[in-house]
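Working notes, beginning with the structure itself.
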Amino acid sequence: MSLISQNARSKNETKREEDNKEKEIEDGRESDVDTLEVKKRKRDDGKEEQLAKEQVKAMKKLENFLFGSLYSPLEFGKGDDDEVDAEASDLFFTDRSADTVLTGYEEDADFLDGSSDDDALQRKPVWVDEEEEKVTVNIASVNRLRKLRKEEDEKLISGSEYVARLRAQHVKLNRGTDWAQLDSGSKMGDSSDDELTDDENKAVVSRGYEDEDMSDILRTNEDLVVKSSSKLLPGHIEYSKLVDANIQDPSNSVINSVQFHQNGQLLLAGGLDRKLRFFQIDGKRNTKLESIFLEDCPIRKASFLPDGSQVIISGRRKFFYSLDLVKASVDKIGPLLGRDEKSLEVFEVSPDSQMIAFVGNEGHILLVSTKSKQLVGTLKMNGSVRSLAFTQDGQRLLSAGGDGHVYHWDMRTRTCMHKAVDEGCLNGTALCTSPVGTHFAAGSSSGIVNIYNSDEFLGGKRKPIKTIDNLTTTVDFMKFNHDSQILAICSSMKKRSLKLIHIPSYTVFSNWPHPNTSLQYPRCIDFSPRGGFMAVGNSSGKVLLYKLRHYDHA
């Protein structure tokens, strides 16, 4: 056998070696793929971790921006140098064109160094119009300028005074917030004069409340802003028409009753369609909150209790309903024990929420407790009863009716303490007392409204302070606003028969209602607790809403 044949391999051995090499190559490839996947997974994990850190950092930055430095309180001169260096090019630039001119800060510094503290507080205007002192403006001849008057008979003012009053009017219409205004004696870097910090609980007390006990302030929901006591001028009343109060659910029948809740945002509206609707009034959307359907009672009157806990609903029925706003339950009450009245549609609620007075038959006034809903007493007039009104303190009840007299009842003794003739009245149809307790108004079937001083009337003076004869049909409804500067009177027997009376001057506002105002037949009216809104229910099923601009709040 030759040498070649001795060293030659078999085919099987050669094939086995080739298979082994291929396996090693495949194993190497698989290990490389696994390594790449591990590296990619680590790289993805690193990116996710970096993204999470950036998100946390962004959230902290946003929280610091909104609520102050919560995590790392800032101190002047101790910022993050790296961040400043990294973002300096984005935050600052150098103005090379102003090298030879003093900057605004240098001018301010020179100005403050060379002047006293009093001069520094009052910066001089850049330019003054010398003609302002020579010009006079007649603010009584133009309707839109009459609101600038301080006195009723004021006409001519100087140009500078005109500018000052315009600025004051702008501030009045566009009120700012006191906490956002810098103190006149402080600088941007000095915050110790604007805020007082309580070291114990880290609370910040706003200027003006340093001497107040914070627990007392947080114990009540009363307004901290002092209410405006500005007087309403006669002649013209500033108002604007808003979206109807019941725009989201108008009635298909007459609206007989509208009233604001004591919070100034909730309004009820009820009518002959037997639905009582509640709306949240904002002047823009007037969202409908709830509606209640009373199957057997077309609503003639609905009224909140003054404490806001219940609604009393009545119609031309022997019974009435009580809606508990807290429990969201409706109770049917009546007929009253021992009485045979077929209608309890006219009633008034006492300001202390203790008593409901219903108009009964043959001159009787029915007194019902708001707690037990039971008859607790009756009062008797000589003639028939048409209208009732409680005084603001709830200690007296006024009544009027078919004999032309106005009765004053003492609710503590339930006796008649005074009775007198309403001048020129044959049949009294409406009564209303002022919230401040100084006046009351009496309306009659002839359209005459007499305004009396309460103390003088009880003292024996029978002549009214003023007689309003702007209505020619029966006076059905009257209402004073919260500060008794406006008295609204209306008659449902004639279109647009609604007048607003300026009480201090006892004159009718000449620009109300506007000729283009579609009042239809007004049925009822109410003012919001702070006078900003006025709601008018009419015979077409709408509750018209107006904004009285003299009052800032609802």
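Can you tell me which residues in segment 444-460 are open to solvent by less than 30 Å² (accessible area, probe 1.4 Å) and in a loop (DSSP other than H, G, I, E, B)?
Initial filter on segment 444-460 (open to solvent by less than 30 Å² (accessible area, probe 1.4 Å)): 444, 447, 449-452, 454, 457.
Within segment 444-460, 447 is the sole residue that qualifies.
Residues in segment 461-484 that are in contact (Cβ under 8 Å) with a residue 40 or more places away in the chain and either open to solvent by less than 20 Å² (accessible area, probe 1.4 Å) or over 25 Å from residue 546 (Cβ atoms) (or both): 462, 463, 464, 465, 467, 468, 475, 478, 480, 481, 484.
If you go through segment 348-359 and pick out every residue that is within 17 Å of residue 337 (Cβ to Cβ) and surrounded by fewer than 22 Cβ atoms within 10 Å (Cβ to Cβ), you end up with 1. Restricting attention to segment 523-552, which residues are farther than 13 Å from residue 246 by Cβ and outside any strand (DSSP E or B)? Result: 528, 529, 530, 531, 532, 539, 549, 550, 551, 552. Taken across segment 503-511, residues that are open to solvent by 60 Å² or more (accessible area, probe 1.4 Å), more than 26 Å from residue 306 (Cα to Cα) and either touching a residue at least 60 places away in the same chain (Cβ under 8 Å) or in a loop (DSSP other than H, G, I, E, B) (or both) do occur, with at least one present.
Go through segment 124-179 residue by residue and tally those that are assigned to a loop (DSSP other than H, G, I, E, B) and not aromatic (Phe, Trp, Tyr).
Restricting attention to segment 124-179, the residues satisfying the condition of being assigned to a loop (DSSP other than H, G, I, E, B) are 124-129, 133-135, 139-142, 149-155, 174-177.
Filter once more, keeping what is not aromatic (Phe, Trp, Tyr): 124-126, 128-129, 133-135, 139-142, 149-155, 174-177.
Here the count works out to 23.
When residue 299 is tested against (1) within 22 Å of the chain's Cα centre (by Cα); (2) of a type in the set (A, V, I, L, M, F, W, C); (3) in a loop (DSSP other than H, G, I, E, B), only condition (1) is not met. Look at (1) free of Cβ contacts under 8 Å to residues at least 40 places away in the same chain; (2) under 33 Å from the mean Cα position of the chain (by Cα) and you find that residue 359 fails only one, number (2).
Looking at segment 373-395, is at least one residue hydroxyl-bearing (Ser, Thr, Tyr), in a strand (DSSP E or B) and open to solvent by 30 Å² or more (accessible area, probe 1.4 Å)?
Residues of segment 373-395 hydroxyl-bearing (Ser, Thr, Tyr): 378, 384, 387, 391.
Next cut, in a strand (DSSP E or B) only: 378, 387.
If we keep only those that are open to solvent by 30 Å² or more (accessible area, probe 1.4 Å) as well, we get 378.
Within segment 373-395 (the criterion being hydroxyl-bearing (Ser, Thr, Tyr), in a strand (DSSP E or B) and open to solvent by 30 Å² or more (accessible area, probe 1.4 Å)), the answer is yes, since at least one residue qualifies.
Close contacts from segment 413-427, counting a first residue that is at negative phi and a second that is open to solvent by 90 Å² or more (accessible area, probe 1.4 Å), with Cβ to Cβ under 6 Å and a gap of 6+ residues or different chains, come to 420/462.
Cβ separations smaller than 8 Å between residues 6+ apart or across chains give the following pairs from segment 149-160 residues that are closer than 13 Å to residue 132 by Cα and touching a residue at least 12 places away in the same chain (Cβ under 8 Å) to residues that are exposed (fewer than 13 other Cβ atoms within 10 Å of the Cβ) and among the acidic types (Asp, Glu): 158/133; 159/129; 159/131; 159/133; 160/133. Hey, does segment 266-284 have a residue that's β-branched (Val, Ile, Thr), surrounded by 18 or more Cβ atoms within 10 Å (Cβ to Cβ) and touching a strand residue (DSSP E or B) at 6+ places or on another chain (Cβ under 9 Å)? Yes, there is a match, as at least one residue in segment 266-284 is β-branched (Val, Ile, Thr), surrounded by 18 or more Cβ atoms within 10 Å (Cβ to Cβ) and touching a strand residue (DSSP E or B) at 6+ places or on another chain (Cβ under 9 Å).
Given the structure, is residue 288 part of a loop (DSSP other than H, G, I, E, B), over 30 Å from residue 444 (Cβ atoms) and within 32 Å of the chain's Cα centre (by Cα)?
Numbers: part of a loop (DSSP other than H, G, I, E, B): no; over 30 Å from residue 444 (Cβ atoms): yes; within 32 Å of the chain's Cα centre (by Cα): yes.
Spelling it out, it is not the case that residue 288 is part of a loop (DSSP other than H, G, I, E, B), over 30 Å from residue 444 (Cβ atoms) and within 32 Å of the chain's Cα centre (by Cα).
Taking the conditions (1) at pLDDT 95 or above; (2) more than 24 Å from the chain's Cα centre (by Cα) in turn, residue 311 satisfies each one other than (2).
Suppose we filter 413, 370 for residues that are under 32 Å from the mean Cα position of the chain (by Cα) and among the hydroxyl-bearing types (Ser, Thr, Tyr); which single one remains?
Numbers: 413 fails: under 32 Å from the mean Cα position of the chain (by Cα).
Answer to the check: 370.
Please go through segment 401-443 and give me each residue that is among the charged types (D, E, K, R), part of a strand (DSSP E or B) and open to solvent by 30 Å² or more (accessible area, probe 1.4 Å), ordered by number. The one that is among the charged types (D, E, K, R), part of a strand (DSSP E or B) and open to solvent by 30 Å² or more (accessible area, probe 1.4 Å): 419.
Condition first: among the basic types (Lys, Arg), open to solvent by 30 Å² or more (accessible area, probe 1.4 Å) and touching an Asp or Glu at 6+ places or on another chain (Cβ under 8 Å). Can you find one or more residues in segment 326-335 that meet it?
Of all residues in segment 326-335, those among the basic types (Lys, Arg) come to 327, 332.
Applying the additional criterion that residues be open to solvent by 30 Å² or more (accessible area, probe 1.4 Å) yields 327, 332.
Now restrict to residues that are touching an Asp or Glu at 6+ places or on another chain (Cβ under 8 Å): none.
Checked against the condition, which is being among the basic types (Lys, Arg), open to solvent by 30 Å² or more (accessible area, probe 1.4 Å) and touching an Asp or Glu at 6+ places or on another chain (Cβ under 8 Å), segment 326-335 yields no hits at all.
When residue 519 is tested against (1) at pLDDT 95 or above; (2) hydrophobic (A, V, I, L, M, F, W, C); (3) assigned to a loop (DSSP other than H, G, I, E, B); (4) in contact with a Pro (Cβ under 7 Å, 6 or more places away or on another chain), just one condition goes unmet, and that condition is (1).
Applying the set (1) of a type in the set (D, E, K, R); (2) at pLDDT below 95; (3) open to solvent by 20 Å² or more (accessible area, probe 1.4 Å) to residue 341 leaves exactly one unmet item: (3).
Of the numbered criteria (1) within 21 Å of residue 380 (Cβ to Cβ); (2) surrounded by fewer than 17 Cβ atoms within 10 Å (Cβ to Cβ); (3) among the charged types (D, E, K, R), the one residue 316 fails is (1).
The values are calculated or read from the model by the stated rules, or taken from the named source; none is laboratory data. If you're wondering where the values come from, they're calculated on a predicted model, not measured in any experiment. Glycine also receives a Cβ, built like all others from the backbone with ideal geometry; neighbour counts cover every protein chain displayed. Note: accessible area is taken over every heavy atom of the protein model, side chains too, but ligands, DNA and RNA are not part of it. Shrake-Rupley method; radii C 1.70, N 1.55, O 1.52, S 1.80 Å.
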